[in-house]
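Each value in this text was obtained by applying a stated rule to the coordinates, not by laboratory testing. Quick caveat, the model's predicted, so the values are computed rather than measured. Cβ coordinates were reconstructed from backbone atoms using ideal geometry, including for glycine residues, and neighbour counts include every protein chain displayed.
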Amino acid sequence: MQLFTARVCPYAHRSRLALLEKGLSFEHIEIDFKNKSEAFLAVSPYGKVPALEHNGQTLYESLIINEYLDETFPETPLMPAQPALRAKVRIWAHYCDNYFISDLYAVIKNREAEQHGELLGKVEERLRFIENDGFAQLSGDGPYWLGAEVSLLDLAWFPFFERLPAWTHYRGLDIPADCPRLKAWRAAMTDRPSVREIANTADYYIDNYSNYAGEVLAA
Ligand SMILES: N[C@@H](CCC(=O)N[C@@H](CS)C(=O)NCC(=O)O)C(=O)O
């Protein structure tokens, strides 16, 4: 099994975590975005990481790769058994990709101080929505999205929260004080062996997101 990946990429981070959580061995192929090989473009038609090659199949899109891994290697399941809960995992992963990330990147890429407050407020509202309509409904006593067991949903979201120190550094974005479940979840995830094995430092993210964010904007 080969994973085409990039250390800086939160989406590739999702699939690396899934492989580690499931204890699967794989060849890690680090992609240089400025110099994409033919072999990479053959498995990744969008030219994006992550991409996976396994048993003659080429797969891409992090959430789909992760469901494939879970179905192909059902030991240590990372999806719940009940169809309604499986649907919730997909709903909240879809929310991450289709609502949360676009607002997050809008704050980070924005360089106009006048627009900053409004953009930041939108992301904070999204975080409160996750807290109240996500965690409060699904996670019981926690600490994970679905309670006691880690799932693909945790792996879908966590990479964006490992990068939080960069968002705080450049844009003053943090988990709001009225989101205690989200804070506890981030702490619990940060402690997992899979997460620790491939964690990058705050300084790594601050350095690597400087192109996106540019200068620090006052909150
Ligand atoms: N929806 C995709 C997004 C993957 C993605 O955007 N990856 C970025 C890096 S974080 C990429 O490979 N970009 C290629 C490039 O910038 O040339 C997924 O979930 O896998």
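Just a few scattered comments:
- Gaussian network model of the chain, springs between alpha carbon atoms under 10 Å - residue of LEU41, LEU164, LEU17 with greatest fluctuation: LEU41
- Look at the alpha carbon pairs under 8 Å that are at least 6 residues apart: their mean separation over the length of region 2-72 gives a relative contact order of 38 percent.
- Residue among LYS88, LYS36, LYS122 with the largest mean-square fluctuation in a Gaussian network model of the chain, springs linking Cα atoms under 10 Å: LYS36
- Loop exposure criterion: chymotrypsin sites (Phe, Trp or Tyr not before Pro), DSSP state outside H, G, I, E and B, at most 12 other Cβ atoms within 10 Å. Applied to the chain, the longest stretch between such sites is 47-219.
- Distance between modelled label sites at TYR105 and ILE64, nm, 7 Å Cα→Cβ extension: 1.8 nm
- Tensor-based shape of the chain (alpha-carbon gyration tensor, a/c under 1.5 rounded, otherwise prolate or oblate): oblate
- Length available on full extension from ALA187 to TYR46: 0.36 nm per residue minus the Cα-Cα distance, which gives 47.4 nm.
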